[in-house]
Each structure stands twice: as structure tokens, then as C-alpha cells.
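See below for the structure under consideration.
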Amino acid sequence: MEEESGEELGLDRSTPKDFHFYHMDLYDSEDRLHLFPEENTRMRKVVQAEMANESRGAGDGKAQRDLQEEVDELVHLYGLEDDHELGDEFVDENIPRTGVSEYPPYMMKRRDPAREQRDWRLSGEAAEAEDLGFGGWGSAGQCQDLREAYRYTHGRASEEYECYVIPEEEDEEEAADVFCVTCKTPIRAFQKVFDEHKEHEVIPLNEALESAKDEIHKNMYKLEKQIIEMENFANHLEEVFITVEENFGKQEQNFESHYNEILETLAQKYEEKIQALGEKKKEKLEALYGQLVSCGENLDTCKELMETIEEMCHEEKVDFIKDAVAMADRLGKFLKTKTDVEISAQPEFEDQTLDFSDVEQLMGSINTIPAPSAPVINPQVPNSATGSSVRVCWSLYSDDTVESYQLSYRPVQDSSPGTDQAAPSPPIIKTKEIRSCEEAVLICWESGNLNPVDSYTVELTQAESPEASGVTDSASLYRSVVGIPTCESVVQLQPGRSYIIYVRALNMGGPSVRSEPATVHTIGSYFRLNKDTCHPWLTISEDGLTAVRSERRTPARELSPSDTHFTRCVAVMGNLIPVRGHHYWEVEVDEHLDYRVGVAFADVRKQEDLGANCLSWCMRHTFASSRHKYEFLHNRTTPDIRITVPPKKIGILLDYEHSKLSFFNVDLSQHLYTFSCQLHEFVHPCFSLEKPGCLKVHNGISMPKHVTFY
Amino acid sequence: MALKQISSNKCFGGLQKVFEHDSVELNCKMKFAVYLPPKAETGKCPALYWLSEQNFISKSGYHQSASEHGLVVIAPDTSPRGCNIKGEDESWDFGTGAGFYVDATEDPWKTNYRMYSYVTEELPQLINANFPVDPQRMSIFGHSMGGHGALICALKNPGKYKSVSAFAPICNPVLCPWGKKAFSGYLGTDQSKWKAYDATHLVKSYPGSQLDILIDQGKDDQFLLDGQLLPDNFIAACTEKKIPVVFRLQEGYDHSYYFIATFITDHIRHHAKYLNA
């Protein structure tokens, strides 16, 4: 019945099925009596929806107008005697929108003293002062909630609802305090006793309120969702709109180019044809002309012969006979030569069938979408593959219309049949140039192939023990790095382990076999002295760990400055792996040796001493007059430090994280000095010998405990 | 021996306390400060003894470092107080406040002025009995006269201290005015007795285990310039005997607590390296 009423009132929205309409009274009880005949007490119309509906409408003016219409409708429907009252009431409701007065929405100002007696017959009257005209709800709080609900649903400013404030008017009627589920109206408890509600189920009003609120909220959420859906749809439409434009553009372009192509082809054909005909004509004419010429010649010769013969006939008999014999020869020869009287060129031009098949084809293809161009697969990015998956990226031409892609793959075996190209030879790892630290290794190798290869693959297996070697291919692979374009790679590793490294080369014919293995221990840092940086007076040992300066008798001649090797400071640099973190190494020196040990940036000026500029830091020891002097140089400055026991083995800790460089006496676990240095780039260890002697670098040492304090 | 707590303040998660007790060696009431790091709540910590004025506890900023490294820091007083000895308050560098960490042999000092025994015997025993410290792990350091005290305690007791360090120590008291004044007062005129309390001399006959000594000295320290401290003598002796020392002459620094505060972290780390090894 409620739904019907809704429809009657012109609610033509399709409402969700579980959108319940609750009985609700717009007016105060006393006024209701004016409007509703007694038997219609049960016919409560839910005008709430309408009110909400029109509230959601445009501005005040419109609402007011709508309201007026509604009013008229209601008047008509309920058989109002005095629609004025009704009108007033609705109007009242609107006034508060301007925030002026505090009229309760649907409450009449007039009070009818006869109210009380009618009260009991009406369920859920908003009787007391606190109750608003939403009679069915029975309490201001509920109306408040409903108001909240409206606000929530269509985001009206809260000021507009300020009007819904409870007036402090007395009202003798009492509030309903239970809810009749069957009739879906609030009633007062004692009313249950009455016939209407005797058999009905009754629940406390609060419960009813809660469930009503829930319903409202549910519905609100649905409305919200709908709003979002519609908004999304609108966006979507916009997108489609834009896409239509784009597609049109594409089609236009497509057709234009096709069309032009056809025209061009036709024009071309025309030209070709004309040209061919012209040539033919020329040929023929030339042939004919040639014939003409030879004909003319022939004619001339004949005539000449004739004349000669005639002349001969007038000669003396003896001369005549001589000439006649000669002439007879000539004539005989001449007449023997064939005269070609066949016309060489026919005047007709052959019919040539014009081949328009390609034009036809073009015409035919004008309607088809051109097949897209082949996508271009991007070269494989290193580290983009694992043992069981690979990441493929490709790009396409923006002009193409693509619906989908098809990716297919096939594994390529080492000895895949039918490949034209042989797999490459394995590379050769440059074991002496391996640099590592606790967290990574830098490997480089020689290609091992004369022809270029496509890429390299580095494979690592963990060695169970440091001496493990000769691991077969079936050993579990720890890491495989594919798609390496150059002959070097930095691979991240776990500290404190040993790894075996292989490299393969890869080309169209497949991968090569594994290279000879190389072993890496992620304990401490490994590096070698770089011969390229070495001062000419220093000799580096085969293993790259010892630097020797021999006695020199010859006077030092000026060495021309160089960017790669030291020319002033008799020094050499090591190749430390360019990885941040901690690096620790030790240098073995002689007590009486004058040396400098430290670090420097790769581009430190090689014409200067270590520690003399801001690109290098070093510890310097000089031994003179039986006294050991120690300096810690950077930018030519040093702190004043005395050390009583000269270290024989110096431990050096390079800490990128804390920007520190520390020196230790390894044998005594004694800390000597720490620089704070800004290491914006990578540095390399450097060593210099200021007098003849040698120093030895020790690698692969785990940081001792005493060093960890620094 | 009953300990009376005088004060307790929370600092860097630990507690800085001051206690008082009756000293047997010194025959008077003595105060000392103890810093208990947070780690001391759950276990025994190594002990680090600091010799200098009581201002150390508030002025030198060692608490953070001690807290981080989990070290108990004990700071006894510089001398007995309130002994009512005639002349004890006459000068600031002798008598009250300047015990020189010797066991005096001369009257009227010998009854009370036994700081050497107090620092090396009585106090450690007291600390070991009453606080969560590991008796096997002990180190010592100090400033100026306390630096001298630290050095001689370590050199006279090989193996007792895991490490030693000093700020601007009096390295060779036998040869400097302060030392001469103090030793003649406490020990009499027999200079051979003096040498027993002189770091430079002790080093020359040091037989014992490896010691790693860290010394910081302010370059602008007036007392250095006055020849009171004489670190060069000490260094030369250590070089001779191959006792490891790192001596740092710090540009611009003087004798004050600002100097101590700047480098205290390095010293505490130095000790932690050995105490927490």
C-alpha cells in the first residue's frame, strides 16, 4: 500500500526494492485531524520522500514552487478543507532556509485545544514540544538523524537545516514509546492493548529507531554508489567521445594516404605507358628511316652503274671490252647482294593490355585496416630474467591500431638444429682483475670471440667450502645474470661466503659453454694494484699486491705529467670495487720505510703528492734520525700526533656510510687516527714509497672486532 | 662499609648517583660518584674509573657514551676532605683537593693522604661488593693530576687495568713544580720514593702486559706551556720501551672541561674496545 501511495503521488523513480517507506506525519496531530478523516488514520502517506526529492532539487525558489505543487496535490488527495493551512505550513518550512526563524518543519503554529482527545487514535504523534512534525518518528533525535541523512545524501549545507530546531512549546500529548512492527508505526505502549494493535508485534521505540536509521543509511549508501557510478559513466563517456575523435582522425588519415597512393600509382602508370609508346614509335621510325637510307644508297649505286655502262657503250671496242669485263664483275657482285625490301617496322602498334592489378589491389585495400607493423622487441635488460621467467618489453608504432599482442617463444638449445650460426666460444674471466667486497663482486672478462656476441650471462654457484672446485653444471645455481651487454658486471652477494663464477657468451646460435670458473670470497675486500696508475719507478708484483721501489742511481728527470699514472709521488692506486659500504684492508710495511698509505679519488692529480690536495687522504710515515714521524695528511694539513710504537701492519677501514677513513696498528689492535671525509664519489686505495723499499697489501681480511668500534 | 646515597639522577637511560662512606684508608668520610648505565639493570658491566674533580660528572658529558657502551663509571674525590690537617687548605695544588694519588709517608699527611691505596684497593672492593660490576674488567683514566694518577695506577699494577687514558696528564711530576711541591710534602726529600709515583719513570721499568695508552693534550693549555705536564718525556720513554701510546696534541684546546668534553667520547670508546672485547 505504501508503494502505491508513492506512485500515486507521482514518484516515478524506480526505487530499489528494499527502500522502505515509513509512515510519517507531516503535521502536528491537531492539524492532522483537520486534514485526515478518521478512517484514514492508517493511511499515512510518506511524503518524506517527496520532501526529500524536492529538497534535492534546485534552489529555494524552485523548491518553494515544487512545494506549492505538492501542497496542491496533497490538498486534493486528502480532501483538505482549508488548503491554506497546508500551504502555510509548507511555506513555513521554507522560511527557515534563510536562517531566520526556527520553525519546526511541519508543525503548525496553531494549537487546537481539541488535540488531546484525538491523540490516542493517531499513532506516533509528534506530541511534545521536543517532537518535530515527523510524527512517525516520535523524537527530535530521530528527526535530527534523518536530517543528517539528507545532508549526507546530497550534501546540503547544514545551515539549511538549522530550521529544524525544536521549539519550546508545550504540548500535553505524550510521546510514543513503542513501535508496532506490523503496522510500522510508533504507538504508545498502552495502545497495544487496543484492538488495532492487540495482535501485533511490538518492539521498543529505540530499536525501531535504530533499524529505521540503518535502513536510511543503507539506502543512502546505495544512492551514493549510484552517484559514483553515474559520475564514472560520465567520465567514461567523455573518454569514448575523445576516442571517437581520435579514431576518426586515424581513419581519415588512413583513407587519405590510401587514396593518394592509388592516384600516384595511376599517374605513374600513365607516364610509363606514354613513355613506352613514344619509345616504340621512335624505334619504328628509326628502323624505317634506316631502311630508307640504305634504299637510297642502293638506288644511287644502281644509277651510277647504269651511267657507267652507258658511257662504256660509247667507248672504243677495245676499251669497251676491258671495261665490260670489269663491269660485268661489278654488276655480278652487286646484283648478288641482297636487297632487303622487307619493311622492318610495322606501322601498327600492338595492343598492350594495361596491368591495373596493383591499382585494383590498392582500391581493394582502402577499406581495410592496415595490419600493424611488427613490434620491436627491446633488447633484454640485464637482471630481467630468472631461472624460470623472463621479462619481455616491446614497442610499437603509434599509428598502428592494435587489438592485442601475441607472444610466442621457444627455447633455444645449445645444439638446436637448423640454426645457421654456431654458438659462440666461452669468454675468459680476467681472474686477476676481480674486485670484491663483502656485498658484491665486480667481474670482467675477455669476449673470447672474434665476432661480436649479443650478450653475456654470468652464473654463480655457492661453494660449499672455500676449496670446492670443479663444480658440475648440475650444481644449484645461486644467481644468473643475463643480458649483460659489456664485458663486466657487478653482482650483489651475501657476506661471508664463497662463490664460483662462470660466464657465457650468447648469440643467435645460442649460449656458449661455461667459461673457466673463478672463485670469489666475500670476506673483506679484494683488490689489486693498478699497473696503469703506477709511477715508473715502482714495480708491481705479478699478483698485484706488492709494490717495490728499487734503488735508483740515476737522477730524477722530469716526467711529463700524465692523467693515468703518478709522476711526482712514487705511488700506485688499487682498484677497489665501486660499491659503498665498509672496506677493510691491511698494508705490511717496514718500520724504517718512508711511505704514505691512504685513499684517493680516481681523478686525483697524479702530479701531486698524496695528501697534498683535497682529493686524497693518507697516513705518512717518515723515519729520520732514528725518529718516527707520523702525519695524517689531507689538503696538506695534519694533526699533531705522536705514536710510540711504529706499526708494522696498518689496518685501513674505509666507511662510506659514516664518511670515515680509519688507520690501525693491526698487531696491537691500536687505533691510530680517523679522518672524516666527504666521499661523494668512489675512492681507491693508494700507496706511495718515498724511499726504496716495498710494501705489501693484504686482502680478504674480515674486519677485526676492535675495528668495529670505529 | 655502609654506603649512603646522597643523590640520584636519571641520565641517558641510566642513573648518576653520588654516595658517601667512611673510608678506612683515608680515615674520613669520602664521597664518590657512580654512573650506572641501562645495561647494569640486567647484568654486570665493566668498570671505568675516572680521576679528577667532581665537576666531571656534570661538565664533561660522558654519560651518553657510557650509556651506549654499557660502562659503569666511578669518580672518586681527588683527596680526603675535612681531615683538619694544618695547612691542608693553604694552596689549591697541595693538600685538600690535590692528593696526587700517593700514599703519603710524611707527617701530618700519612694518616689520611693515602689516595693511591684508596683508588687501587679500597674503592674497587667497595664498588665490586655493592654494584653490578665485573671485577675482572676495569680501566682507568683521568685529567691533569688525575691523568697522572691513572697512569701510575696502571703502570704500577700491570694487568689490573685493561686500558688507560688521560687528558693533559702530569706525566713527569718529579721534574715539574707541582710534583716537586707535592712529593716533597707527602713523601719527604728522598727522590727515589718520588719515582715510584712518576709515570715517566715507571714506564722505564714497566715489565708487564700490553697497555694501549691514549693521551689528549690541548695545545693551548697554559700548564703545558708552563712545563707542568711534560708529555714529551713520557712519550720518549714509551717509545724507548715500546709501550704503545697515541698522543694527540689538539690545536686550540686548553686545560678546561670544554677540552675534556670534546674528546671524552673517543676515550670512552677506547676503553670500551678493551672492556667489551
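The values are calculated or read from the model by the stated rules, or taken from the named source; none is laboratory data. No experiment lies behind these values; they were computed from the predicted model shown. Here Cβ is always computed from backbone atoms with ideal geometry, including for glycine, and neighbour counts include all displayed protein chains.
Details
- Residue that is modelled with the highest pLDDT, among those in region A:319-341 that are closer than 19 Å to residue A:294 by Cβ and exposed (fewer than 11 other Cβ atoms within 10 Å of the Cβ): A:333
- Output for region B:1-43, where each listed residue is within 22 Å of the chain's Cα centre (by Cα) and touching a residue at least 60 places away in the same chain (Cβ under 8 Å): B:3, B:21, B:23, B:24, B:25, B:26, B:27, B:28, B:30, B:32, B:34, B:36
- Restricting attention to region B:95-109 and to residues that are under 14 Å from residue B:190 (Cα atoms) and surrounded by fewer than 17 Cβ atoms within 10 Å (Cβ to Cβ), the residue that is modelled with the lowest pLDDT turns out to be B:106.
- Positions within region A:606-659 being loosely packed, with under 15 Cβ neighbours inside 10 Å and of a type in the set (Asp, Glu), in sequence order: A:640, A:657
- Each residue in region B:215-251 was checked for being in contact with a strand residue (DSSP E or B) (Cβ under 6 Å, 6 or more places away or on another chain), hydrophobic (A, V, I, L, M, F, W, C) and within 8 Å of another protein chain (Cβ to nearest Cβ), and 6 pass.
- Among the residues of region A:610-634, those identified as closer than 16 Å to residue A:660 by Cα and part of a loop (DSSP other than H, G, I, E, B) are A:611, A:614, A:615.
- Within the option set A:655, A:640, being acidic (Asp, Glu) and free of Cβ contacts under 8 Å to residues at least 60 places away in the same chain holds for one residue only, A:640.
- Comparison of A:516, A:591 shows that the only residue that is within 23 Å of residue A:631 (Cβ to Cβ), at pLDDT 85 or above and surrounded by fewer than 22 Cβ atoms within 10 Å (Cβ to Cβ) is A:591.
- In region B:61-82, of all residues being within 21 Å of residue B:40 (Cα to Cα) and among the hydroxyl-bearing types (Ser, Thr, Tyr), the one that is modelled with the lowest pLDDT corresponds to B:62.
Residue-by-condition table, conditions (1) surrounded by 22 or more Cβ atoms within 10 Å (Cβ to Cβ); (2) free of Cβ contacts under 8 Å to residues at least 60 places away in the same chain:
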position	(1), (2)
B:167	yes, no
B:170	yes, no
B:211	yes, yes
B:219	no, yes
B:252	no, yes
B:266	no, yes
B:271	yes, no
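- Residue match in region B:183-194 (condition: touching a residue at least 60 places away in the same chain (Cβ under 8 Å), aromatic (Phe, Trp, Tyr) and more than 8 Å from chain A (Cβ to nearest Cβ)): yes
- Residue A:576 among the hydrophobic types (A, V, I, L, M, F, W, C), on the phi < 0 side of the Ramachandran plot, part of a loop (DSSP other than H, G, I, E, B) and surrounded by 23 or more Cβ atoms within 10 Å (Cβ to Cβ): yes
- Flag if residue A:626 is more than 11 Å from chain B (Cβ to nearest Cβ) and not basic (Lys, Arg): no
- Taking the criterion of being assigned to a helix (DSSP H, G or I) and within 24 Å of residue B:206 (Cα to Cα), the residues of region B:238-267 that qualify are B:238, B:239, B:240, B:241, B:267.
- The residue that is farthest from the other protein chains (Cβ to nearest Cβ), counting only those in region A:643-659 that are in a loop (DSSP other than H, G, I, E, B) and under 51 Å from the mean Cα position of the chain (by Cα), is A:656.
- For region B:126-140, the condition holds for at least one residue, the condition being that it is of a type in the set (Asp, Glu), touching a strand residue (DSSP E or B) at 6+ places or on another chain (Cβ under 7 Å) and under 27 Å from residue B:45 (Cα atoms).
- Residue among A:263, A:335, A:285 that alone is in contact (Cβ under 8 Å) with a residue 12 or more places away in the chain, part of a helix (DSSP H, G or I) and not charged (D, E, K, R): A:285
- Residue within region B:32-42 that is closer than 18 Å to residue B:257 by Cβ and in a loop (DSSP other than H, G, I, E, B) present: no
- Residue selected from region A:660-669 under the condition hydrophobic (A, V, I, L, M, F, W, C) and more than 10 Å from chain B (Cβ to nearest Cβ), by the criterion farthest from residue A:598 (Cα to Cα): A:666
- Some residue of region A:461-475 being at pLDDT 85 or above, in contact with a strand residue (DSSP E or B) (Cβ under 8 Å, 6 or more places away or on another chain) and closer than 23 Å to residue A:699 by Cβ: yes
- Of all residues in region A:242-275 being among the hydrophobic types (A, V, I, L, M, F, W, C) and surrounded by 12 or more Cβ atoms within 10 Å (Cβ to Cβ), the one that is modelled with the lowest pLDDT: A:255
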